[in-house]
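Novice: Supplied in structure tokens, the structure appears directly below.
The values are calculated or read from the model by the stated rules, or taken from the named source; none is laboratory data. Since this is a predicted model, take the numbers as computed values, not measurements. Backbone-built Cβ (ideal geometry, glycine too); neighbour counts: all protein chains shown. Calculation scope for accessible area: heavy atoms of the full protein, side chains included, ligands and nucleic acids excluded. Shrake-Rupley method; radii C 1.70, N 1.55, O 1.52, S 1.80 Å.
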Amino acid sequence: MTATPLPRLLALLAIAALAASCTDGGTDPAGAEPDGPAPLRWSDPAAWPAGVPQAGAAVVIPADRSILLDVSPPPLKSLQVDGTLAFDERDLALTAEWIAVRGTLRIGSEAKPFRRRAVITLAGSDPAQDVMGMGAKVLGVMGGTLELHGEERLGWARLAETAAKGATQLVLERAPDWRAGDRIAVASTDFDPLQAEEAVVRAVYGKTVMLEQPLRWAHWGALQRFGGRTLDERAEVGLLTRNVTIRGDDASAGGLGGHIMVMGSGTTHVSGVELYLMGQKGRVARYPFHWHMAGSVKGSYLRGSSIWRTQNRCVTVHGSHDARVEDNVCYDHLGHGYFLEDGVETGNLLAGNLGFRSRAPAAGEAVLPSDSRPATFWITHPANTVRGNVAAGSQGFGFWYALPEHPTGLSTDASVWPRRAALGEFSGNVAHSNRSAGLNVDDGPRPDGTTETTSYRPRQDPAAESPAVVAEFRGFTAYKHGGRAVWLRGSSQRLVGAMLADNGIGATFAASETFLDDAVVVGESDNRTLLPNATFPIRGYEFYDGRVGAQRSLFVNFTSSGQRPASALGFNRANGFPVSTGNFAEGIRLENANAVYLEPPRADRDGDRAAVILDTDGSVTGTAGAFVAVDNPLLVTAACARRPEWNAHVCRGRFVEVRVQSTGSENAAPLEVRRDDGAATAMVGVPGNPRTVALSLVPGRAYALRPGGALPRPRVSVSRMAGGEWVRFSLPYPSARFAVIRDSDTARPLAAAATLAELDASPGDRFFFDAATGTLHLKAMPRAGRDAVTLAVEPR
């Protein structure tokens with residue numbers, strides 16, 4: 001046999017040694033750049049100026065060096081990665097008080113996810129520690145690259161069968177790739193969000209997941225059909241365990257968890273990762289995963305990961321744009337969950353994410369006052385994509401569009417108008433088992449972090465008084481809300497194609513030109529659990545403000561019981577504010593449903609006593625153009641018929657909107673209004689504004705107005721009038737020296753009629769003053785081509 005030359009033999013031996021080192025739990029020379037040199041091994045003393053780092057070391061990987069982590073080092077003081085640190089494909093653990101990444105930290109890759117077990121633990125107990133402005137226990141990406149890629153696994157699925165209380169198995173809609181020992185969480189399908197629970201997998205057989213312990217709660221798992229559409233109230237089940245874990249140490253349960261912070265031009269590609277015991281209770285900017293004032297982060301993502309048992313949120317996008325947050329599970333978190341912080345963040349994608357068990361912080365532990373009503377999804381600018389997410393149980397809201405007037409916090413910018421910006425996309429989202437609304441578009445933040453009543457009024461140009469654009473919230477499913485499922489405030493909004501079921505109230509719009517379109521609304525499904533308040537009058541759609549309406553929608557199973565009334569349509573309860581006589585229903589279908597129920601109006605709530613609904617096409621009352629009117633004598637005439645089961649009247653006549661105002665310092669309320677046939681009502685005024693009284697009236701009639709005191713500067717406005725309609729008013733007036741101005745035309749005050757008969761015969765261009773009784777008579781009749789008129793009295 002011919003001998004091999006020595007140089008060639010040495011070369012072959014070197015290649016063999018390298019191959020052996022990479023197959024002992026390893027892959028290719030992990031961490032090497034595609035065209036760069038092979039990395040040095042952490043365990044190799046030659047890789048370090050002073051030998052392999054020991055416990056408590058402050059380790060720096062220089063910019064020109066690439067290190068392969070091939071051993072689990074002892075706990076470090078700190079780790080600064082200016083070059084590259086990559087995990088070898090073997091079980092590894094890395095513990096440090098903090099890690100700063102200016103270069104690259106890599107565990108696996110997108111093309112080749114990590115298959116073994118990797119754990120990074122952020123340790124420490126000093127809350128005063130501040131690492132480069134990022135606080136304590138931080139993994140900070142400061143212009144560097146974070147590549148973390150665990151196994152691609154099924155992140156969450158729904159049940160295929162109902163799981164009873166005490167069950168020891170779950171049957172899922174598809175077979176999961178979960179394993180014995182994995183920890184999972186099952187969402188509540190009741191009104192209580194805290195009926196979510198954790199479980200440990202004992203075994204998996206196809207779609208059946210066997211559990212180590214029995215379930216504490218029942219979880220619904222069946223599909224139902226209504227009107228040709230599917231109602232899906234099946235419980236979500238999320239996988240919490242991942243093979244790549246970034247976590248706080250065990251002491252983090254006390255509130256000081258780890259956190260990941262991405263700043264500057266940092267790049268993050270994170271998938272298949274578990275974030276556990278992360279976030280710092282009550283501390284601003286200390287969140288489990290956090291893009292911080294990073295500008296556009298296009299290409300960066302967090303996906304297919306779990307974030308659970310957090311001390312402060314789950315995912316924060318702050319002063320950053322174009323991030324992708326997809327297919328994650330956020331479970332058992334404190335405060336808001338998926339959090340777009342200031343109101344300047346745009347172009348971000350939230351898709352396919354699950355969030356549940358959103359908990360309110362204890363007193364004094366909230367980052368923002370609004371955390372007391374935590375939203376699983378908190379969105380502060382409309383121009384983002386929110387698609388296919390599930391908010392499956394919060395002590396506050398599911399989805400909260402909390403729109404500031406201008407961005408707040410570090411992003412203050414008076415040129416940005418979130419409350420007037422067009423909606424990007426909101427589609428296919430689900431909310432259930434939330435203590436507050438599933439979708440809340442209201443209550444925007446002030447600069448000090450508190451919230452205020454907010455009207456979302458999208459415009460073509462948010463910075464100018466430009467034409468309105470319509471914001472469509474499409475394909476929303478909401479169930480098991482003890483109060484209302486949807487609350488929209490503002491104008492030019494649509495809730496399109498919604499499926500709303502098993503809620504105290506389906507939807508209420510404190511808005512104008514805002515409509516429920518093509519919805520299916522179910523009062524009670526087969527998933528029967530008791531409302532928290534058994535006497536609450538359930539209703540599918542509530543009228544309020546206006547003009548609002550419900551169109552082409554099906555209402556099912558709204559039947560009254562001995563404990564409480566139920567109806568497809570109703571009015572916002574105990575309402576003192578003005579409502580529109582243009583509020584309407586059209587194309588309504590009813591199955592096993594009481595169409596309307598209007599509660600007896602409260603004497604101290606004028607809005608209750610003004611409640612009317614226009615049935616445009618007769619689909620509610622059987623008569624096109626008829627109105628449903630509340631039980632108020634001022635609204636009822638011979639043209640009305642009482643419907644006892646509705647506690648209301650069906651009226652063939654019309655109604656108009658009226659406002660009586662004092663433009664001086666005097667109050668218009670209390671105000672008695674008496675119709676020419678003697679029907680009367682005492683009005684108490686708009687809450688917080690007793691100088692204004694708003695009411696609905698029958699046109700073509702005369703009304704005597706009797707305020708509590710003299711009104712030197714009264715103004716009467718009537719709107720939503722049809723051609724030729726009029727309303728006559730009389731009121732005491734303290735002086736014969738005055739002018740009556742119509743529609744602010746001060747150059748042409750109205751002329752005085754000689755008699756009341758002359759006023760009645762006029763087209764609204766006269767007034768009559770009865771000097772003998774000190775009574776002023778006004779005829780409100782719009783000019784040709786208009787549907788509204790205002791008459792103002794000015795003393796001379």
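Novice: Being outside any strand (DSSP E or B), closer than 23 Å to P795 by Cβ and open to solvent by 20 Å² or more (accessible area, probe 1.4 Å) is the filter here, so list the residues in region 651-680 that pass it. Before you say what the answer is, go through the steps one by one.
Specialist: Taking region 651-680 as the starting set, the residues that turn out to be outside any strand (DSSP E or B) are 652-655, 663-670, 676-679.
Narrowing the set further to residues that are closer than 23 Å to P795 by Cβ leaves 663-670.
Once the filter is applied, which keeps residues that are outside any strand (DSSP E or B), closer than 23 Å to P795 by Cβ and open to solvent by 20 Å² or more (accessible area, probe 1.4 Å), region 651-680 yields T663, S665, E666, N667, P670.
Novice: Which of the residues that make up region 220-251 are open to solvent by 10 Å² or more (accessible area, probe 1.4 Å) and either modelled with pLDDT under 95 or farther than 22 Å from Y276 by Cβ (or both)?
Specialist: Here is the first cut: in region 220-251, the ones open to solvent by 10 Å² or more (accessible area, probe 1.4 Å) are 220, 222-230, 232, 234, 241, 243, 247, 249-251.
Once the filter is applied, which keeps residues that are open to solvent by 10 Å² or more (accessible area, probe 1.4 Å) and either modelled with pLDDT under 95 or farther than 22 Å from Y276 by Cβ (or both), region 220-251 yields W220, A222, L223, Q224, R225, F226, G227, G228, R229, T230, D232, R234.
Novice: Which residues, counting only those in region 447-497, are among the acidic types (D, E) and either within 15 Å of L403 (Cβ to Cβ) or buried (at least 21 other Cβ atoms within 10 Å of the Cβ) (or both)? First the steps, then the outcome.
Specialist: So the first thing to find is which residues in region 447-497 are among the acidic types (D, E), and the list is 448, 452, 461, 465, 472.
E452 - this is the single residue of region 447-497 that is among the acidic types (D, E) and either within 15 Å of L403 (Cβ to Cβ) or buried (at least 21 other Cβ atoms within 10 Å of the Cβ) (or both).
Novice: Given the criterion part of a strand (DSSP E or B) and either of a type in the set (D, E) or on the phi > 0 side of the Ramachandran plot (or both), identify the matching residue among G343, G347, G295.
Specialist: Numbers: G343 fails: part of a strand (DSSP E or B); G347 fails: part of a strand (DSSP E or B).
Of G343, G347, G295, the one residue that is part of a strand (DSSP E or B) and either of a type in the set (D, E) or on the phi > 0 side of the Ramachandran plot (or both) is G295.
Novice: Yes or no: T412 surrounded by fewer than 24 Cβ atoms within 10 Å (Cβ to Cβ) and of a type in the set (S, T, Y)? Before the answer, list the steps.
Specialist: Numbers: surrounded by fewer than 24 Cβ atoms within 10 Å (Cβ to Cβ): yes; of a type in the set (S, T, Y): yes.
Here the answer is yes, as T412 does meet what is asked.
Novice: Here is a further query. What are the pairs with Cβ atoms under 7 angstrom where one residue, in region 597-623, is modelled with pLDDT under 95 and the other, located anywhere, is assigned to a helix (DSSP H, G or I) and not hydrophobic (A, V, I, L, M, F, W, C)? Sequence gap at least six, or different chains.
Specialist: So the pair list comes out empty.
Novice: State all residues of region 512-543 that are closer than 14 Å to S580 by Cβ, buried (at least 21 other Cβ atoms within 10 Å of the Cβ) and touching a residue at least 40 places away in the same chain (Cβ under 8 Å); if no residue qualifies, say none. Walk me through how you get there before you give the answer.
Specialist: Initial filter on region 512-543 (closer than 14 Å to S580 by Cβ): 512-515, 542-543.
If we keep only those that are buried (at least 21 other Cβ atoms within 10 Å of the Cβ) as well, we get 514-515, 542-543.
Once the filter is applied, which keeps residues that are closer than 14 Å to S580 by Cβ, buried (at least 21 other Cβ atoms within 10 Å of the Cβ) and touching a residue at least 40 places away in the same chain (Cβ under 8 Å), region 512-543 yields E542, F543.
Novice: Report every pair of residues separated by at least 6 positions or lying on different chains whose Cβ atoms are under 7 Å apart, first residue within region 165-183 and free of Cβ contacts under 8 Å to residues at least 40 places away in the same chain, second in a loop (DSSP other than H, G, I, E, B).
Specialist: Hits for this filter: R174/K207; A175/G206; A175/K207; D177/R153; D177/L154.
Novice: Still on this model: Going by what's in this entry, would T450 be described as farther than 30 Å from E524 by Cβ, within 11 Å of the chain's Cα centre (by Cα) and in contact (Cβ under 8 Å) with a residue 24 or more places away in the chain?
Specialist: It is false that T450 is farther than 30 Å from E524 by Cβ, within 11 Å of the chain's Cα centre (by Cα) and in contact (Cβ under 8 Å) with a residue 24 or more places away in the chain.
A quick yes/no check of all residues on (1) under 15 Å from F191 (Cα atoms); (2) among the aliphatic types (A, V, I, L, M); (3) modelled with pLDDT under 95:
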position	(1), (2), (3)
A501	yes, yes, no
D518	no, no, no
V548	no, yes, no
F558	no, no, no
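Quick grid of which residues meet (1) more than 23 Å from M781 (Cα to Cα); (2) modelled with pLDDT under 95; (3) over 36 Å from the mean Cα position of the chain (by Cα):
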site: R643; (1), (2), (3): yes, no, yes
site: A648; (1), (2), (3): yes, no, no
site: R652; (1), (2), (3): no, no, yes
site: F655; (1), (2), (3): no, no, no
site: V658; (1), (2), (3): no, no, no
site: G664; (1), (2), (3): yes, yes, yes
site: N667; (1), (2), (3): yes, no, yes
site: E672; (1), (2), (3): no, no, yes
site: A679; (1), (2), (3): no, no, yes
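Novice: Identify, please: which residue in region 284-339 is among the polar types (S, T, N, Q) and open to solvent by 10 Å² or more (accessible area, probe 1.4 Å) and is, among those, nearest to G393 (Cα to Cα)? Quick ask: steps written out before the conclusion?
Specialist: From region 284-339, those among the polar types (S, T, N, Q) are 296, 300, 305-306, 310-312, 316, 320, 328; that's our starting set.
The next check asks that each one be open to solvent by 10 Å² or more (accessible area, probe 1.4 Å); those that pass are 296, 311.
Working: S296: 31, Q311: 17 Å.
Selected residue: Q311.
Novice: Could you tell me whether E147 is assigned to a loop (DSSP other than H, G, I, E, B) and modelled with pLDDT of 95 or more?
Specialist: Values: assigned to a loop (DSSP other than H, G, I, E, B): no; modelled with pLDDT of 95 or more: yes.
For E147, the condition - assigned to a loop (DSSP other than H, G, I, E, B) and modelled with pLDDT of 95 or more - is not met.
Novice: Identify the residue in region 102-129 that is closer than 21 Å to M142 by Cα, assigned to a loop (DSSP other than H, G, I, E, B) and aliphatic (A, V, I, L, M) and, among all such residues, is least open to solvent (accessible area, probe 1.4 Å).
Specialist: Here the residue is A123.
Novice: Report, by residue number, each residue of region 150-169 that is over 30 Å from the mean Cα position of the chain (by Cα) and farther than 17 Å from V273 by Cα.
Specialist: Here is the first cut: in region 150-169, the residues over 30 Å from the mean Cα position of the chain (by Cα) are 150-151, 164-169.
Correct list: A164, K165, G166, A167, T168, Q169.
Novice: Tally the residues that are open to solvent by 10 Å² or more (accessible area, probe 1.4 Å) and outside any strand (DSSP E or B), restricting the search to region 84-101.
Specialist: Residues meeting the conditions: 5.
Novice: Of the residues in region 146-176, how many are surrounded by fewer than 16 Cβ atoms within 10 Å (Cβ to Cβ) and farther than 22 Å from A222 by Cα?
Specialist: Looking only at that region, the number is 1.
Novice: Go through (1) closer than 22 Å to V630 by Cβ; (2) more than 19 Å from the chain's Cα centre (by Cα) one by one and return the number of the condition A510 breaks.
Specialist: Only one criterion is unmet by A510, namely (2).
Novice: All but one of (1) open to solvent by 70 Å² or more (accessible area, probe 1.4 Å); (2) charged (D, E, K, R); (3) more than 50 Å from the chain's Cα centre (by Cα) hold for D770, so report the exception by its number.
Specialist: Result: D770 fails condition (1) only.
Novice: So which residues in region 691-746 are within 42 Å of the chain's Cα centre (by Cα), among the hydroxyl-bearing types (S, T, Y) and within 21 Å of F768 (Cβ to Cβ), if there are any at all?
Specialist: S717
Residues checked against (1) touching a Pro at 6+ places or on another chain (Cβ under 6 Å); (2) more than 29 Å from K112 (Cα to Cα); (3) outside any loop (DSSP other than H, G, I, E, B):
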| position | (1), (2), (3) |
| --- | --- |
| L231 | no, yes, yes |
| T241 | no, no, no |
| A253 | no, yes, yes |
| V262 | no, no, yes |
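Novice: Out of region 607-636, which residues are under 23 Å from N689 (Cβ atoms) and open to solvent by 10 Å² or more (accessible area, probe 1.4 Å)?
Specialist: If the condition is that a residue be under 23 Å from N689 (Cβ atoms) and open to solvent by 10 Å² or more (accessible area, probe 1.4 Å), then D608, R609 are the ones that fit.
Novice: Just checking, does region 779-796 include any residue being open to solvent by 70 Å² or more (accessible area, probe 1.4 Å), modelled with pLDDT under 95 and closer than 19 Å to A668 by Cα?
Specialist: Among the residues of region 779-796, not one is open to solvent by 70 Å² or more (accessible area, probe 1.4 Å), modelled with pLDDT under 95 and closer than 19 Å to A668 by Cα, which makes the answer no.
Novice: Regarding region 399-412, can at least one residue be identified that is charged (D, E, K, R) and out of contact with any helix residue (DSSP H, G or I) (no Cβ under 9 Å at 6 or more places or on another chain)?
Specialist: Checked against the condition, which is being charged (D, E, K, R) and out of contact with any helix residue (DSSP H, G or I) (no Cβ under 9 Å at 6 or more places or on another chain), region 399-412 yields no hits at all.
Novice: Going through region 637-650 one residue at a time, which ones are open to solvent by 30 Å² or more (accessible area, probe 1.4 Å), in a strand (DSSP E or B) and touching a residue at least 24 places away in the same chain (Cβ under 8 Å)?
Specialist: Result: R643, single match.
Novice: Something else now. Could you check, for region 707-726, whether at least one of its residues is of a type in the set (F, W, Y) and open to solvent by 40 Å² or more (accessible area, probe 1.4 Å)? If you could, list the steps in order and put the result at the bottom.
Specialist: Step one: filter region 707-726 for residues of a type in the set (F, W, Y), giving 726.
Okay, now just the ones that are also open to solvent by 40 Å² or more (accessible area, probe 1.4 Å), so 726.
The answer is yes; a qualifying residue exists.
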